[in-house]
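To start, the structure itself, in structure tokens.
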Amino acid sequence: MVTEYFTVNEKNIDSEETAEFLAHCKEIISEGGLVVFPTETVYGLGADALNGEAVKKIFTAKGRPADNPLIVHIADVKKADDVSSMTETERERFNKLAKAFWPGPLTMIVTKNESVPDAVTCGLGTVGIRLPENKYARKFIEAVGTPIAAPSANTSGKPSPTLASHVKEDMDGKVNAIIDGGACRVGLESTVIDLTGEVPCILRPGGVTLEMVKKILPEATQLAWKKEEQPKEDIEKPKSPGLKYKHYAPNAKVVILQGDSDTVAKRIAWALENARLRNAKAAAMITVEQKKYFSKEDNIVCMGKADDGETQAAKLFATLRDFDDCGITEVYATAMKEDGVGYAVMNRLYRAAGCLMVPCKKILFVCTGNTCRSFMAEYILKGLIEKRMAAGEIEACATEVSSAGVYAEDGGWPTENAVDVLKDIYEIDGSQHRATKVTAEILDKADLVLTMTAGHKRVLLGFFPEYADKVFTLAEKACGRDVEDPFAGSYKTYVDSAMHIEEMIVKAGL
Ligand code: TXA
Ligand code: MG
């Protein structure tokens with residue numbers, strides 16, 4: 001099939017040429033064809049919602065699983081009655097939300113009527129309806145004169161298209177026409193809210209947030225989407241079929257790093273550096289505030305300010321697609337603030353990452369002088385992390401390691417035997433290490449403090465009792481025995497000590 005292209009903009013929207021093309025679209029749609037049109041969220045792949053055969057073609061063009069229902073788009077609120085048969089409660093909720101948020105990025109799920117073919121709803125008794133805000137979308141729907149069933153116009157599983165060029169990549173030759181209306185304002189798909197349940201429930205977060213909906217329907221809730229927050233039955237049988245599919249995924253492996261903004265930025269910078277050493281093509285998605293941690297060589301995309309969910313949303317999918325175009329294989333993304341639209345941004349990013357969101361942990365090893373044991377522990381763990389990253393466990397970069405001593409002399413040199421053992425056995429250069437004395441500031445920044453012996457723990461908590469909840473002995477975490485002091489011992493004593501430390505680090509799952 002040869003795909004026709006047409007560009008609409010402010011200048012030609014009311015022109016005769018546009019009217020002619022829209023009349024042509026009406027023909028295409030009435031003959032059961034497919035037309036891609038712009039909306040304020042993402043581009044939609046449209047067919048006549050009342051023609052089951054036409055709707056089936058959407059599934060083929062996208063490679064979409066057959067049990068994932070489509071949203072029906074209308075250009076006039078009254079047209080909702082053409083596809084629905086709402087209960088009184090649904091009607092009341094629908095009217096209130098339509099008044100507040102339509103036209104706009106909100107899809108409402110209500111009871112369907114018999115005119116909607118099973119192909120649209122995948123056999124469900126409900127239908128999702130949306131009245132887009134985008135002027136070109138409404139013109140198109142008005143012109144064709146029938147409700148339009150349309151999913152996002154991407155190949156299933158790929159990031160949704162926010163530019164006509166994205167649509168072309170996925171849909172050229174598979175659809176009759178593509179209307180190019182420029183960049184989509186919101187950049188993320190609509191909020192999907194189910195109005196048929198006991199309470200209205202947001203199934204997919206989007207530009208219309210729960211806080212906004214609650215102002216109209218205070219009883220509204222939303223589905224949890226982080227794995228650890230989800231009830232088991234929702235994982236097995238999701239309320240919205242679309243939720244169970246891996247989505248928005250670029251070819252690259254995406255890892256989200258979560259934690260304090262500066263720590264995350266430093267870890268991402270380190271991960272990029274590590275990727276360079278491995279000759280891996282890596283990129284990062286960061287916030288404006290984190291930019292200062294990166295150099296010119298780093299392949300970074302600044303997604304906007306930490307609290308600017310709107311800008312992040314508008315950039316997200318295009319950025320993921322650009323990474324694919326550049327052959328990026330690893331993406332390190334900072335977790336965004338989950339406020340407002342940022343919540344929907346994180347939902348999409350989470351799914352692009354295949355739920356791989358790792359908390360940035362700061363581990364601090366503590367001994368007496370920070371010249372033997374805690375020093376070796378720091379470098380051994382750093383070495384293990386580098387090995388894990390080289391083996392493709394890129395989330396290993398989320399751990400930051402340091403060491404200090406309760407009675408250390410700041411700037412003191414490490415013991416020669418410890419430096420030699422690191423070099424000989426682990427091929428690690430620790431010669432630049434200098435001792436650091438434990439301070440409240442250092443403890444404050446650490447997430448987990450591991451002492452070499454119970455004695456260190458006792459002394460440490462004697463000085464700083466307020467950190468009791470994060471101080472453990474390494475032996476406690478590894479179910480092992482304390483690391484004895486090799487100081488003044490032979491080279492062999494240091495070898496044994498290092499191997500003991502390594503074994504416990506592994507056992508403790510660090
Ligand atoms: O912003 C948008 O919503 C875009 C533009 C084109 O309007 N469309 C879009 O469609 O994102 P799609 O098909 O990619 O996503 C529709 C989502 C899916 O997660 C689907 O499972 C859910 O809405 N959905 C549709 N009808 C449903 C129903 N009756 N019950 C539950 N979930 C439904
Ligand atoms: Mg989609």
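The values are calculated or read from the model by the stated rules, or taken from the named source; none is laboratory data. Fair warning: this is a prediction, and the values are worked out from it, not measured in the lab. Note that we place each Cβ from the backbone using ideal geometry, even for glycine, and neighbour counts take in every protein chain shown.
Within the stretch 251-292, the set of residues being more than 19 Å from residue 391 (Cβ to Cβ) and of a type in the set (Asp, Glu) comprises 260, 262, 289. For the stretch 474-484, which residues satisfy the criterion of being at pLDDT 95 or above and acidic (Asp, Glu)? Within the stretch 474-484, 476, 482 qualify. For the stretch 212-229, the count of residues that are within 10 Å of ligand 1 (Cβ to nearest atom), in contact (Cβ under 8 Å) with a residue 60 or more places away in the chain and outside any helix (DSSP H, G or I) is zero.
Under the condition of being more than 16 Å from ligand 2 (Cβ to nearest atom) and either modelled with pLDDT under 95 or over 25 Å from residue 135 (Cα atoms) (or both), the residues counted in the stretch 53-78 number 3.
Among residues of the stretch 35-50 being aliphatic (A, V, I, L, M) and within 8 Å of ligand 1 (Cβ to nearest atom), the one that is surrounded by the fewest Cβ atoms within 10 Å (Cβ to Cβ) is 42. Count of the stretch 102-115 residues, restricted to those that are surrounded by fewer than 24 Cβ atoms within 10 Å (Cβ to Cβ) and in a loop (DSSP other than H, G, I, E, B), is 6. Of the residues making up the stretch 193-211, those that are away from ligand 1 (no atom under 12 Å from the Cβ), surrounded by fewer than 22 Cβ atoms within 10 Å (Cβ to Cβ), of a type outside the set (A, V, I, L, M) and touching a residue at least 40 places away in the same chain (Cβ under 8 Å) number 2. When the stretch 149-192 is filtered for residues that are surrounded by fewer than 19 Cβ atoms within 10 Å (Cβ to Cβ), more than 16 Å from ligand 2 (Cβ to nearest atom) and farther than 29 Å from residue 82 by Cα, the ones remaining, listed by number, are 165, 168, 172, 173, 182, 183. Take the conditions (1) more than 16 Å from ligand 2 (Cβ to nearest atom); (2) modelled with pLDDT of 95 or more; (3) of a type outside the set (Asp, Glu); (4) outside any loop (DSSP other than H, G, I, E, B); residue 203 misses just one of them, which is (1). For the stretch 35-74, the set of residues classified as within 20 Å of residue 206 (Cα to Cα), assigned to a loop (DSSP other than H, G, I, E, B) and not polar (S, T, N, Q) consists of 38, 40, 42, 43, 69, 70, 74, listed by residue number. Residue count for the stretch 472-493, restricted to those that are part of a helix (DSSP H, G or I) and closer than 12 Å to residue 380 by Cβ: 1. Only one of the numbered conditions (1) buried (at least 21 other Cβ atoms within 10 Å of the Cβ); (2) in contact (Cβ under 8 Å) with a residue 24 or more places away in the chain is violated by residue 419, and that is (2). Of the residues making up the stretch 142-160, those that are within 11 Å of ligand 1 (Cβ to nearest atom) and either over 29 Å from residue 316 (Cβ atoms) or of a type in the set (A, V, I, L, M, F, W, C) (or both) are 148, 149, 150, 153.
Within the stretch 1-57, the set of residues being basic (Lys, Arg) and free of Cβ contacts under 8 Å to residues at least 12 places away in the same chain comprises just one member, 11.
Restricting to the stretch 384-397, count the residues that are closer than 22 Å to residue 473 by Cα and touching a residue at least 24 places away in the same chain (Cβ under 8 Å). So the count comes out to 1. One residue stands out among those in the stretch 118-132 that are surrounded by fewer than 19 Cβ atoms within 10 Å (Cβ to Cβ) and in a loop (DSSP other than H, G, I, E, B): the one that is nearest to ligand 1 (Cβ to nearest atom), which is 124.
Can you name the residue in the stretch 162-175 that is assigned to a loop (DSSP other than H, G, I, E, B) and in contact with a Ser or Thr (Cβ under 7 Å, 6 or more places away or on another chain) and, of all such residues, is nearest to ligand 1 (Cβ to nearest atom)? Before the answer, list the steps.
Here is the first cut: in the stretch 162-175, the ones assigned to a loop (DSSP other than H, G, I, E, B) are 162-163, 172-175.
Now restrict to residues that are in contact with a Ser or Thr (Cβ under 7 Å, 6 or more places away or on another chain): 172-173, 175.
Values: 172: 18, 173: 20, 175: 13 Å.
Of everything passing the filter in the stretch 162-175, 175 is nearest to ligand 1 (Cβ to nearest atom).
On the stretch given as the stretch 426-471, residues that are in a helix (DSSP H, G or I), surrounded by 15 or more Cβ atoms within 10 Å (Cβ to Cβ) and more than 37 Å from the chain's Cα centre (by Cα) total 6.
Restricting attention to the stretch 118-147, which residues are in contact with an Asp or Glu (Cβ under 7 Å, 6 or more places away or on another chain) and within 24 Å of residue 4 (Cα to Cα)? If you could, list the steps in order and put the result at the bottom.
Going residue by residue through the stretch 118-147, those that are in contact with an Asp or Glu (Cβ under 7 Å, 6 or more places away or on another chain) are 122, 132-134, 146-147.
Selection gives 132, 134, 146, 147.
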